[in-house]
Structures are given as C-alpha cells and as structure tokens.
Amino acid sequence: VQLQASGGGLVQAGDSLRLTCADSGRTFSTNVMGWFRQAPGKEREFVVAINRSGGVTSAANSVKGRFTISRDNAKNTVYLQMNSLKSGDTAVYYCAARSSYGLSGVPTEYNYWGQGTLVTVSS
C-alpha cells in the first residue's frame, strides 16, 4: 500500500474542495479507508471513513452534512468532498488504510498513511 494524497489548497470560507488519495498498491479494495486531519498544535483527529465496498461510511460530528467520503475501487482511489468549509477545517489532511475489518476513527488502528495535503480556509 502506498498512498498519495492531493487536492489541498487555499480556499475561502464557504467554498468546496475535493481531496484525492490514490493507492499504487494492489490491495486497495480490501482496505477500509479513512481521512484524518491535524491542525497546528493539535492531535490528529478522525474525519471520515468508508468500508471496503463503499456502501458504509462514518463521519465525525464536526463534518457531518458537509464532508463526504467515496471510493472508486477500479481506480484505487478514495475521495473527500468538502463543502461549506470553515476556518476550523484548516489542517493537514491525511488518508489512511486499515487492513482489518470494520470502520474505525482511531488513528492507531490504521496501518498505512499518506503524506498529507494542506487545506487552508480563510475567513
């Protein structure tokens, strides 16, 4: 598993942004995928996760109704659609893969991590 996240940038509050995470490995469809974020001076926190088939998702309360995770197993890619962005969403966003069954919001339960992409939301 080798994850490469992209799509971050500088946007204004209220804007939308889509992050992409591509896996160059061969086991993408067998992994639960998640997005986490880490703001300066804060711990890494869970954002969203999606199961292997893409039929079940989970989201942190802070992003419910605004952020959506999806995946395309044929393209080995997971997406994070972020709408109605707020200044509090400013962080480095990381995609992660979990080989065990079941969604999780715990960073230590993910086996592989991408390098992160910076999202900055100006108010």
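The values are calculated or read from the model by the stated rules, or taken from the named source; none is laboratory data. In this text the structure is predicted, and so the values were computed from the model without any measurement. Cβ: placed from backbone, ideal geometry, glycine included. Neighbour counts: every protein chain shown. Just the protein is used for accessible areas: all its heavy atoms, side chains included, with ligands, DNA and RNA removed. Shrake-Rupley method; radii C 1.70, N 1.55, O 1.52, S 1.80 Å.
Observations on the structure shown:
- Residues located in the stretch 106-121, provided they are assigned to a strand (DSSP E or B) and out of contact with any helix residue (DSSP H, G or I) (no Cβ under 7 Å at 6 or more places or on another chain): Y112, W113, T117, L118, T120
- Selection within the stretch 32-55 - open to solvent by less than 50 Å² (accessible area, probe 1.4 Å) and in a loop (DSSP other than H, G, I, E, B): A39, N51, G54
- Among the criteria (1) farther than 16 Å from Y112 by Cβ; (2) part of a helix (DSSP H, G or I); (3) not acidic (D, E), the one S29 does not fulfil is (1).
- Against the conditions (1) in a loop (DSSP other than H, G, I, E, B); (2) in contact (Cβ under 8 Å) with a residue 12 or more places away in the chain; (3) under 17 Å from Q4 (Cα atoms), L103 satisfies every one except (3).
- Single residue of the stretch 65-123 satisfying the filter (of a type in the set (D, E, K, R) and under 26 Å from G25 (Cα atoms)) that is surrounded by the most Cβ atoms within 10 Å (Cβ to Cβ): R71
- Restricting the stretch 14-29 to residues that are open to solvent by 70 Å² or more (accessible area, probe 1.4 Å) and over 12 Å from the mean Cα position of the chain (by Cα), the residue that is nearest to S87 (Cα to Cα): S24
- Screening Q4 on (1) in a loop (DSSP other than H, G, I, E, B); (2) open to solvent by 20 Å² or more (accessible area, probe 1.4 Å) shows it passes everything except condition (1).
- Among the candidates N111, N73, residue that is closer than 12 Å to V32 by Cα, touching a Phe, Trp or Tyr at 6+ places or on another chain (Cβ under 7 Å) and of a type in the set (S, T, N, Q): N73
- Any chance T27 is farther than 14 Å from C95 by Cα, modelled with pLDDT under 95 and among the β-branched types (V, I, T): yes
- Cross-chain or 6+ apart pairs with Cβ under 7 Å, the stretch 1-23 first and on the phi > 0 side of the Ramachandran plot, then open to solvent by 30 Å² or more (accessible area, probe 1.4 Å) and of a type in the set (G, A, S): G14/S84
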